[in-house]
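Notes to accompany the following structure.
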Amino acid sequence: VAIARELATLASSGVSLADALVTLRDANARTALYLPLSSMVNAIHGGEKISSALETSGLRLPEFALALVRAGEATGNMGFALERCADQMEFDARMREQAREAMIYPSILVVTGIFAVVFIFSFVVPRFASLLKGKTDSLPWISAMVLKVGTFVNANLLLVLGGLVGGIALIIFFFRMPGVRRSLLQMISGLPVFSDWIHSGETARWTSSLSVLLQSKVPVLTAIELAASSLRLERYRDQLIAVRDDVNRGKRFAQAVESRQLLEPTSMSMVKVGEQTGDMAAMLGHVAQYWVERNRGLQRRLVALVEPVAILLIAGVIGVVMVGVVLAMTSLTEVKL
């Protein structure tokens, strides 16, 4: 994003792309960007286009970024195209960051609760288990279960802690795999609490991408296809590809989107107005902003719901432990020592 933004600023100021890339390469001599920028400089000096240089540079850019650069080459307005590219990449990063932030507190809460339960089983429960050693058969089932678990955890504390840490590390490792994230997203997208939040995020993503691409004079069919490629869920991606096919067969864009029920009536009205006035890109930008705000509101509601659910689950586990311990204490008078 920073490279695209700086290139856009230099290009808009009249600096040639070759000189701009040399300046950026020298400024990033001690960073990981030095090698890709050097590759781009060599490619430009070898007569290649900036789009080809970007594609072979090793920078992991989304498809829409390359399409915007190609559009900038075709229109001669590279500064504007790079600025829109930086805007959209920044937008995508912000959407991902918001989703990540939404789950940080509940995750910390759950992890802290798990270690609190392990602590109780390791140091609290075994004290009572030692008092009733060999007498668990006379205790209520919940007390016997709690004491047995406590005894096991106390005897295998390092193994249990190692398993917890390993499990958390394994979850983090799998969550960093794009395929796993997509599968998990696909799974939770059908849940009542998460579906609206995920839908609003996907809608904001494709409307924003399409707005930026159309502003940069990317052909409408290509723009729709690139906007579809930015989506994470296959069913939304397929619907947008179907819209592209409908438009290719002569259907109006607003009519194709409405038939696929990709937007609600308020957003559809804005798209229709944009189509009638010839300012579709600007109207899609307004639609994207509306869905971004809606996504934030749904995110706050989701976090507000997840937090008490996590607290109740942890409290339930600790409550079961405490009930088991209390029942064991009250049973002391009934156990023949």
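The values are calculated or read from the model by the stated rules, or taken from the named source; none is laboratory data. Given the structure is predicted, the values throughout are model-derived calculations rather than measurements. Positions of Cβ are backbone-derived with ideal geometry, glycine not excepted, and every protein chain shown enters the neighbour counts. Just so you know, the surface numbers come from the protein's heavy atoms only, side chains and all, with ligands and any DNA or RNA stripped out. Shrake-Rupley method; radii C 1.70, N 1.55, O 1.52, S 1.80 Å.
A single entry from L37, L59 fulfils the requirement of being more than 19 Å from T9 (Cα to Cα) and among the aliphatic types (A, V, I, L, M): L59.
Checking V306, V273, V257 one by one, the residue that is aliphatic (A, V, I, L, M), within 27 Å of A93 (Cα to Cα) and at pLDDT 90 or above is V257 and no other.
Considering region 257-267, and only residues there that are free of Cβ contacts under 8 Å to residues at least 24 places away in the same chain and in contact with a Leu (Cβ under 9 Å, 6 or more places away or on another chain), the residue that is least open to solvent (accessible area, probe 1.4 Å) turns out to be V257. Just checking, which of E83, E73 is closer than 25 Å to N295 by Cβ and either hydrophobic (A, V, I, L, M, F, W, C) or over 23 Å from the mean Cα position of the chain (by Cα) (or both)? On inspection, the qualifying residue turns out to be E83. Counting only residues that are in contact with a Ser or Thr (Cβ under 8 Å, 6 or more places away or on another chain) and either among the aliphatic types (A, V, I, L, M) or open to solvent by 60 Å² or more (accessible area, probe 1.4 Å) (or both), region 147-159 holds 5 of them.
Here region 30-56 is the region considered, the condition is being open to solvent by 40 Å² or more (accessible area, probe 1.4 Å) and in contact (Cβ under 8 Å) with a residue 24 or more places away in the chain, and the residue that is farthest from the chain's Cα centre (by Cα) is H45.
If you take just the helices (runs of 4 or more DSSP H) that sit entirely in region 163-259, which of them hold at least 3 residues that are under 16 Å from the mean Cα position of the chain (by Cα) and of a type outside the set (A, V, I, L, M, F, W, C)? Before the answer, list the steps.
On the way: elements: 178-188, 192-215, 220-229, 234-248, 253-259.
Hits in region 163-259: 178-188, 192-215.
For region 57-81, filtering for residues that are surrounded by fewer than 16 Cβ atoms within 10 Å (Cβ to Cβ), hydroxyl-bearing (S, T, Y) and at pLDDT 80 or above leaves 0.
Just to be sure before I move on: is L185 under 25 Å from A242 (Cα atoms), in contact with a Lys or Arg (Cβ under 8 Å, 6 or more places away or on another chain) and of a type in the set (A, V, I, L, M, F, W, C) in the structure I sent?
Numbers: under 25 Å from A242 (Cα atoms): yes; in contact with a Lys or Arg (Cβ under 8 Å, 6 or more places away or on another chain): yes; of a type in the set (A, V, I, L, M, F, W, C): yes.
Judged against the criteria, L185 is a match.
Is it the case that A27 is under 33 Å from the mean Cα position of the chain (by Cα), open to solvent by less than 60 Å² (accessible area, probe 1.4 Å) and not β-branched (V, I, T)? Show your work before the answer.
On the way: under 33 Å from the mean Cα position of the chain (by Cα): yes; open to solvent by less than 60 Å² (accessible area, probe 1.4 Å): no; not β-branched (V, I, T): yes.
When the stated conditions are applied, A27 does not pass them.
Kindly indicate whether any position in region 82-104 is in a loop (DSSP other than H, G, I, E, B) and surrounded by fewer than 18 Cβ atoms within 10 Å (Cβ to Cβ). No, every residue in region 82-104 fails to be in a loop (DSSP other than H, G, I, E, B) and surrounded by fewer than 18 Cβ atoms within 10 Å (Cβ to Cβ).
Among the residues in region 274-297, are any touching a residue at least 24 places away in the same chain (Cβ under 8 Å), acidic (D, E) and surrounded by fewer than 19 Cβ atoms within 10 Å (Cβ to Cβ)? No, region 274-297 has no match at all.
Kindly evaluate R127 against the criterion of being among the basic types (K, R) and over 24 Å from the mean Cα position of the chain (by Cα). Show your work before the answer.
Working: among the basic types (K, R): yes; over 24 Å from the mean Cα position of the chain (by Cα): yes.
Yes, satisfied.
Selection within region 30-69: residues that are polar (S, T, N, Q) and part of a loop (DSSP other than H, G, I, E, B). The member of this set that is farthest from C85 (Cα to Cα) is T31.
Within region 216-225, can you find the residues that are open to solvent by 20 Å² or more (accessible area, probe 1.4 Å) and in contact (Cβ under 8 Å) with a residue 40 or more places away in the chain?
The initial filter retains those residues of region 216-225 that are open to solvent by 20 Å² or more (accessible area, probe 1.4 Å), namely 217, 219-222, 225.
Result: K217, T222.
Step by step: first the residues of region 233-254, then only those that are modelled with pLDDT of 90 or more and within 14 Å of T207 (Cβ to Cβ), then the one that is most open to solvent (accessible area, probe 1.4 Å). Which residue is that? My answer is Q239.
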